[in-house]
1. All but one of (1) surrounded by fewer than 21 Cβ atoms within 10 Å (Cβ to Cβ); (2) assigned to a loop (DSSP other than H, G, I, E, B) hold for ASP268; which doesn't?
2. Being acidic (Asp, Glu) and assigned to a loop (DSSP other than H, G, I, E, B) is the filter; apply it to the range 185-219 and report the residue that is modelled with the highest pLDDT.
3. Restricting the first residue to the range 216-232 and requiring it to be over 18 Å from ALA170 (Cβ atoms), which pairs with a second residue that is basic (Lys, Arg) and part of a strand (DSSP E or B) meet a Cβ separation below 7 Å and a spacing of at least six or different chains?
4. Which members of the range 53-78 meet the condition of being of a type in the set (Gly, Ala, Ser) and in a loop (DSSP other than H, G, I, E, B)?
5. Of the numbered conditions (1) assigned to a strand (DSSP E or B); (2) modelled with pLDDT of 95 or more; (3) of a type outside the set (A, V, I, L, M), PRO239 fails exactly one; give the number of that condition.
6. Is it the case that VAL178 is touching a Gly at 6+ places or on another chain (Cβ under 8 Å), among the β-branched types (Val, Ile, Thr) and under 23 Å from LEU100 (Cα atoms)?
7. Would you check which residues across the range 172-187 are under 20 Å from the mean Cα position of the chain (by Cα) and not charged (D, E, K, R) and list them?
8. Quick one: in the range 161-213, which of the residues that are surrounded by 18 or more Cβ atoms within 10 Å (Cβ to Cβ) and among the basic types (Lys, Arg) is farthest from ARG134 (Cα to Cα)?
Amino acid sequence: MGTKLLTGLAAVAATAAAIAMFAVAIGSAGGCASILSIPDRSPDWCNRPGNVHDFCDDFDHADAGGAWQQGVLPGTSLDFTTEGETPPNAAALGTAPQALGSPTVVGIFKQFDDQKFDHVVVGVDVRFNDADLRAEAGLESQLGFLLLEDQDFCIGVVLTPGRIGMVFRAHQLDCTGVGNLPADAGEIIDDAGLTAFAPVGPIPTLKQWVHIKLDVKRNANGSGDVGFTMNYPGVLAPPQIPAGYLTGNAPPLVALATSVVGPTGKIDVQFDNVTIDFPKN
């Protein structure tokens, strides 16, 4: 239960001192949503007939954000009243500009104590309103925005100045922090043979909603089959998890965040219509 994300985010938050719309109506029933293969949306999206998930949050209810724990460092912002992909609301997470090597994070996260990490599918609508990521002294910044955690293993989806990437971490106390990358880095494999960074897609157009899905299935040998999709051109095949890393002994944990390391300018990321499922296969 005391996972690395709880150590890296919730425990920090507990110190109290520390942590347009793209799819416009075009007059037809399908609209841009149908063109992009996004289901047509309406208020109270999670309550639509047939929209059944193990967990769903559209942030449109009176206690928006109440289903999540929060971690907020100085120089960050968290709001649930911004306009969403489906009206009225979305979760908006932001950070102030950071100098080279300076980290900060704001996030919401949820641990599913009634589940084990066998097969987890996370879907979320994301809009990068401001993503001023920079390179300096041969290093470039990272923005971590989606995290899925098993016991002693973390899968993160990150944004860099030129692409979206995926990172794996094992045996580390903090899953939420990101580090600088060599400028224009391709795939990076660490000394243990684990993917430290791999490009999985291009940066979406700013202020445009995109739907992202992360699908991770644990195999009997502790390896993981990883799927990553985004309704935007240029998505690449994600890295796969080697044998022995996924234990399946602990509840999975999901986090949405703006976790950055400088050099950055203003960061503003919105999340809406979060779905989390635990298929039994």
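The values are calculated or read from the model by the stated rules, or taken from the named source; none is laboratory data. Computed from a prediction, not measured in an experiment: that's the story for all the values here. Glycine gets a Cβ as well: all are built from the backbone with ideal geometry, and neighbour counts include every protein chain shown.
1. Result: ASP268 passes all but (2).
2. If we take residues in the range 185-219 being acidic (Asp, Glu) and assigned to a loop (DSSP other than H, G, I, E, B), then GLU187 is modelled with the highest pLDDT.
3. Qualifying pairs under 7 Å: THR229/LYS213.
4. Result: ALA62, ALA64, GLY65, GLY66, ALA67, GLY75.
5. (1)
6. yes
7. Hits for the range 172-187 are GLN172, LEU173, CYS175, THR176, GLY177, VAL178, GLY179, ASN180, LEU181.
8. The extreme case among them is ARG169.
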